[in-house]
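Heads up, the thing below is written out as structure tokens.
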Ligand code: GLN
């Protein structure tokens, strides 16, 4: 990371998806460092960045556009070295493996060792909102308003022995899990609050993943968390 008064390029990639919303949130932060927010459209743009936000949108389209721009491999390399935050579709891209992909599969960056289900809430649950307790935020006893739109669902945490540990940052209460054939089969015990499917925010090393959309609220505490803890802070 750059230090002192040098500018920090904390960057949002948006080949498709919610760039402007993240930019607005990042501009609201009061930081000692100067934050430059740019759109990444090429490998050259990416090479100037210290961190990245992969926004929501449509993961298959974002991956396709990244491939067409020659950015997939550079993004994978970036993810090995620098902090990345994936929100919703971005969370899908950041995962190691994805289920319920579109026909033809889903390219991923593999920065976080989890398996995730695209559109995991099923077609009946297009979107919903829920008050979340998010660990590590400023004023952490004030709930964060989670906006979920065709959100993915975390299926399992699969860190290998040498991977950084995965740290769960927010969960939904078990009662909010959808009853569906894929998520909670009728005959399965769904009372375990540690069920991976309840995880809606997690951290691995310097990467952050949220299955909801903090950029669609007026609350910039998760953006602040990403910058302060993942980008400028010490790795966990
Ligand atoms: N369901 C979308 C996808 O598969 C993600 C939706 C979102 O980002 N709000 O990429």
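The values are calculated or read from the model by the stated rules, or taken from the named source; none is laboratory data. As the structure is a prediction and not an experimental result, all values here were calculated from the model. With ideal geometry, Cβ positions are generated from the backbone for all residues, glycine too; neighbour counts draw on all protein chains shown.
Annotations for the structure displayed:
- Cβ pairs under 9 Å, 6+ apart, first in segment 149-160 and at positive phi, second surrounded by fewer than 16 Cβ atoms within 10 Å (Cβ to Cβ) and part of a strand (DSSP E or B): 150/127
- Qualifying residue in segment 57-68 (condition: within 21 Å of residue 169 (Cα to Cα) and free of Cβ contacts under 8 Å to residues at least 60 places away in the same chain): no
- Screening residue 91 against (1) away from the ligand (no atom under 16 Å from the Cβ); (2) modelled with pLDDT of 90 or more leaves a single unmet condition, (1).
- Residue selected from segment 106-123 under the condition in contact (Cβ under 8 Å) with a residue 60 or more places away in the chain and part of a loop (DSSP other than H, G, I, E, B), by the criterion farthest from the chain's Cα centre (by Cα): 122
- For segment 40-56, the candidate set comprises residues that are in contact (Cβ under 8 Å) with a residue 60 or more places away in the chain and under 14 Å from the mean Cα position of the chain (by Cα); within that set, the residue that is surrounded by the most Cβ atoms within 10 Å (Cβ to Cβ) is 56.
- Single residue of segment 102-122 satisfying the filter (within 11 Å of the ligand (Cβ to nearest atom) and more than 19 Å from residue 55 (Cβ to Cβ)) that is modelled with the highest pLDDT: 117
- For segment 156-175, taking the residues that are more than 15 Å from the chain's Cα centre (by Cα) and under 22 Å from residue 90 (Cβ atoms), the one that is surrounded by the most Cβ atoms within 10 Å (Cβ to Cβ) is identified as 172.
- Exactly one residue among 63, 51 is touching a helix residue (DSSP H, G or I) at 6+ places or on another chain (Cβ under 8 Å), away from the ligand (no atom under 15 Å from the Cβ) and within 18 Å of residue 209 (Cα to Cα), and that residue is 51.
- Scanning segment 75-84 turns up at least one residue that is within 13 Å of the chain's Cα centre (by Cα), within 18 Å of residue 16 (Cα to Cα), within 16 Å of the ligand (Cβ to nearest atom) and crowded, with 22+ Cβ neighbours inside 10 Å.
- Single residue of segment 17-39 satisfying the filter (under 18 Å from the mean Cα position of the chain (by Cα) and touching a residue at least 40 places away in the same chain (Cβ under 8 Å)) that is farthest from residue 227 (Cα to Cα): 17
- Out of 127, 140, sole residue that is over 20 Å from residue 95 (Cβ atoms), within 16 Å of the ligand (Cβ to nearest atom) and loosely packed, with under 15 Cβ neighbours inside 10 Å: 127
- Qualifying positions in segment 177-217 - in a loop (DSSP other than H, G, I, E, B), closer than 22 Å to residue 150 by Cα and at pLDDT 95 or above: 211, 212, 213, 217
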